[in-house]
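J.: Handing you a structure now.
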There are 2 protein chains.
Amino acid sequence: MTITHPPKPGTALWLYAHPRRGSLNDHLFRAGTEALSARYEVLTSDLHAQEFDPVLSNRDLGIPADTPGNIVELAGEAYSRGRLPADVREEQAKLAAAELLIVQFPLWWYGPPAILKGWFDRVLTNGFAYGDLDPELGVPRRYGDGGLIGRRALIVVTAGEDARSIGPRGISGDLESLLFPLVHGTLWYVGIETLDLHVVYDADGLEPAGVDLEAQRLRDRLRTIDTEPVRRFRRLRDGDYQETRALRGDLLPGRTDLGIHLADHG
Amino acid sequence: MTITHPPKPGTALWLYAHPRRGSLNDHLFRAGTEALSARYEVLTSDLHAQEFDPVLSNRDLGIPADTPGNIVELAGEAYSRGRLPADVREEQAKLAAAELLIVQFPLWWYGPPAILKGWFDRVLTNGFAYGDLDPELGVPRRYGDGGLIGRRALIVVTAGEDARSIGPRGISGDLESLLFPLVHGTLWYVGIETLDLHVVYDADGLEPAGVDLEAQRLRDRLRTIDTEPVRRFRRLRDGDYQETRALRGDLLPGRTDLGIHLADHG
């Protein structure tokens, strides 16, 4: 049993985090979900519209607040006992059903808005999305063997800055590194493979014609994503990090950038 | 006028984001604020205790929800017109008063919990924390010239993983890179200089004696932070990113890791 939650073929989840109707993101959300509906049953998590609470707190645990223990472990116990709050269980059910995940958000302070960060904090519980050594599988359920393997994700992100500022050696850090905690530390951790980022640069100053062009570029991208190659990161079980949890010295010696964790880099 | 909000000497703000009483973080928070109180007036933002709402939404803008515009720009206008919500204004006042900022949180999904991310999303508005070209200063008010210059910050972070997993070439990415969006993209962006990270590794399995040791280690660290050197990143105005917004090719040629943005690296 390598996949705990087999996805339902033909189902996608569009996870969306922007507060404003009429915004660029709103246009992309509507254009994207409509285009994807031609081939998928598209579930949506419009976090602002749902008034999703992003704060992982004692309310998630289903036990008295003074119960001792680590909150992340206690949330995992609440999952295994079916005691998670209804809103979290609904999001887990949508994610479990989807074979394709779209994560769309504006880049705020070089990361996802809080409402999206908290979706991961609350929904990706221990036991559901990852776990310790699996006796049947023989490996820890994380980094490529997480509870949600068998899924692909596309990240759609709008940025106020230009491609140079968040490109390689850009003053704000390159976007691949800035989103490493999401792409690798979150999605890959739980087993979800990602496609190349879909980025809209200079997003704040777009005229209506530019918004239309970006909506069309997203539709075009979605049309062919089923055949796009995914990025593969190194798996914990492959031995590249053997014993030390750091990348073996003979692999890409001397390099310290986050790109060393891509599997196709040697 | 290079500093918009001159801090009040001897004032510190301890920004804290953990939900559980009796946790390691709770112990560190109490030990740290008590120790720091010997030399500072310590303001606190205990985000869970305050039930801080981390979601930047139309409620922040003080205008009808259907008003057109970009939410980040509209929040800046709300700041300049004194229309931000009371909770945001209170947090801005505390931050403006502090010459020392402590940011304490557990590492969740390789970044700050949502309640802390949203504090930055909502509190660091345009006009307050950063801005475009300042006619008096002659430079954009960001990356070293932000609205909050003259402040230092210490990040206190607890991690469930060991030092190797989040160290150089560690499987989860090195912590310096994982926190670059906070240290550089947020704090340095608004002008706040940071000290070396204060990290507690293997935080989930600490026995009471280990918690006491970590509390003492934090007290010891706080005793000498006034004389610690800060990390300096390259400033936008210094010309290292001239014209292209990417680091000049003659500086650290070939390197693509985020460490290239430190000023003392050449």
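J.: Could you tell me which numbered condition A:A153 fails, if it satisfies all but one of (1) more than 8 Å from chain B (Cβ to nearest Cβ); (2) surrounded by 24 or more Cβ atoms within 10 Å (Cβ to Cβ); (3) touching a helix residue (DSSP H, G or I) at 6+ places or on another chain (Cβ under 7 Å); (4) not in a loop (DSSP other than H, G, I, E, B)?
T.: In the conditions (1) more than 8 Å from chain B (Cβ to nearest Cβ); (2) surrounded by 24 or more Cβ atoms within 10 Å (Cβ to Cβ); (3) touching a helix residue (DSSP H, G or I) at 6+ places or on another chain (Cβ under 7 Å); (4) not in a loop (DSSP other than H, G, I, E, B), A:A153 misses (2) alone.
J.: With respect to B:D132, determine if the residue is of a type outside the set (A, V, I, L, M, F, W, C), part of a helix (DSSP H, G or I), open to solvent by 10 Å² or more (accessible area, probe 1.4 Å) and more than 19 Å from B:L154 (Cα to Cα).
T.: Taking the combined requirement at face value, the residue does not satisfy it.
J.: Let me ask another. Could you tell me how many of the residues in the stretch A:5-25 are closer than 22 Å to B:L61 by Cβ, open to solvent by 30 Å² or more (accessible area, probe 1.4 Å) and not charged (D, E, K, R)?
T.: 1
J.: Go through the stretch B:244-263 and count every residue that is under 20 Å from B:G146 (Cα atoms) and either away from chain A (no Cβ under 11 Å) or exposed (fewer than 14 other Cβ atoms within 10 Å of the Cβ) (or both).
T.: 2
J.: What pairs come out if I take residues in the stretch B:88-99 that are more than 18 Å from B:G76 (Cβ to Cβ) and pair them with residues that are hydrophobic (A, V, I, L, M, F, W, C) whose C-beta lies under 7 Å away, six or more apart or interchain?
T.: These pairs meet every condition: B:K94/B:L13; B:K94/B:L43; B:A97/B:L43; B:A98/B:A12; B:A98/B:L13; B:A98/B:L43.
J.: Right, here's the next one. Residues of the stretch B:225-243 being outside any helix (DSSP H, G or I) and under 23 Å from B:I149 (Cα atoms), which ones?
T.: Selection gives B:E228, B:P229, B:V230, B:R231, B:R232, B:F233, B:R234, B:R235, B:G239, B:D240, B:Y241, B:Q242.
J.: So A:T2 ticks every box in (1) modelled with pLDDT of 95 or more; (2) away from every other protein chain (no Cβ under 14 Å); (3) surrounded by fewer than 20 Cβ atoms within 10 Å (Cβ to Cβ) but one. Which box is left unticked?
T.: (1)
J.: Now, a different point. Considering only residues of the stretch A:233-243 that are facing another protein chain (nearest Cβ under 8 Å) and open to solvent by less than 20 Å² (accessible area, probe 1.4 Å), which is modelled with the lowest pLDDT?
T.: So the residue we want is A:Y241.
J.: Also, quick follow-up: Given the criterion surrounded by fewer than 22 Cβ atoms within 10 Å (Cβ to Cβ), among the acidic types (D, E), away from every other protein chain (no Cβ under 14 Å) and on the phi < 0 side of the Ramachandran plot, identify the matching residue among A:E161, A:E176, A:E193, A:E207.
T.: Being surrounded by fewer than 22 Cβ atoms within 10 Å (Cβ to Cβ), among the acidic types (D, E), away from every other protein chain (no Cβ under 14 Å) and on the phi < 0 side of the Ramachandran plot holds for just one of A:E161, A:E176, A:E193, A:E207, which is A:E193.
J.: Which of the following residues is of a type outside the set (S, T, Y) and part of a loop (DSSP other than H, G, I, E, B): A:L251, A:L222?
T.: The match here is A:L251.
J.: Criterion first (away from every other protein chain (no Cβ under 14 Å), part of a loop (DSSP other than H, G, I, E, B) and open to solvent by 50 Å² or more (accessible area, probe 1.4 Å)) does B:P64 satisfy it?
T.: Judged against the criteria, B:P64 is not a match.
J.: Does B:P113 satisfy the condition of being touching a Phe, Trp or Tyr at 6+ places or on another chain (Cβ under 7 Å), closer than 30 Å to A:G69 by Cα and surrounded by 24 or more Cβ atoms within 10 Å (Cβ to Cβ)?
T.: Answer is yes for this residue.
Yes or no, residue by residue, for (1) at pLDDT 95 or above; (2) more than 30 Å from A:S23 (Cα to Cα):
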position	(1), (2)
B:R21	no, yes
B:L36	yes, yes
B:V42	yes, yes
B:E51	yes, no
B:I63	no, no
B:P68	no, no
B:D87	yes, no
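J.: Specify which of the listed residues (A:D202, A:D220) is free of Cβ contacts under 8 Å to residues at least 12 places away in the same chain and more than 8 Å from chain B (Cβ to nearest Cβ).
T.: From the options A:D202, A:D220, the qualifying one is A:D220.
J.: Which residue, of A:E51, A:E41, is open to solvent by 40 Å² or more (accessible area, probe 1.4 Å), under 27 Å from A:R152 (Cα atoms) and at the interface with another protein chain (Cβ under 9 Å from one of its Cβ atoms)?
T.: Only one candidate passes the filter, namely A:E51.
J.: Have a look at A:L101, A:L28, A:L74 and point out the one that is part of a helix (DSSP H, G or I), open to solvent by less than 30 Å² (accessible area, probe 1.4 Å) and within 21 Å of A:D196 (Cα to Cα).
T.: From the options A:L101, A:L28, A:L74, the qualifying one is A:L28.
J.: Starting from the stretch B:149-167, take each residue that is closer than 30 Å to B:A129 by Cβ and list its partners that are in a loop (DSSP other than H, G, I, E, B) and among the aromatic types (F, W, Y), counting only C-beta distances under 6 angstrom and pairs at least six apart or across chains.
T.: Close Cβ pairs (under 6 Å, with a partner that is in a loop (DSSP other than H, G, I, E, B) and among the aromatic types (F, W, Y)) amount to B:A159/B:Y201.
J.: Just checking, which of B:D121, B:D87 is charged (D, E, K, R) and touching a strand residue (DSSP E or B) at 6+ places or on another chain (Cβ under 7 Å)?
T.: Testing whether each residue is charged (D, E, K, R) and touching a strand residue (DSSP E or B) at 6+ places or on another chain (Cβ under 7 Å) leaves just B:D121.
J.: Sticking with this one: Hey, could you check the stretch B:135-150 for residues that are away from chain A (no Cβ under 14 Å) and assigned to a loop (DSSP other than H, G, I, E, B) and say which is least open to solvent (accessible area, probe 1.4 Å)?
T.: The extreme case among them is B:G147.
J.: Of the conditions (1) more than 14 Å from every other protein chain (Cβ to nearest Cβ); (2) open to solvent by 30 Å² or more (accessible area, probe 1.4 Å), B:I225 clears all except one; give me its number.
T.: (2)
J.: Oh, and also: Going by the conditions given, is A:G170 small (G, A, S) and modelled with pLDDT under 95?
T.: Taking the combined requirement at face value, the residue does not satisfy it.
J.: Based on what the data block shows, is B:L182 more than 17 Å from the chain's Cα centre (by Cα) and outside any loop (DSSP other than H, G, I, E, B)?
T.: no
The values are calculated or read from the model by the stated rules, or taken from the named source; none is laboratory data. All values derive from a computational prediction rather than experimental measurement. Cβ sites come from the backbone with ideal geometry, for glycine too, and all protein chains shown count toward neighbours. For the accessible areas, the whole protein counts, side chains as well, though only heavy atoms, and no ligand, DNA or RNA atoms are used. Shrake-Rupley method; radii C 1.70, N 1.55, O 1.52, S 1.80 Å.
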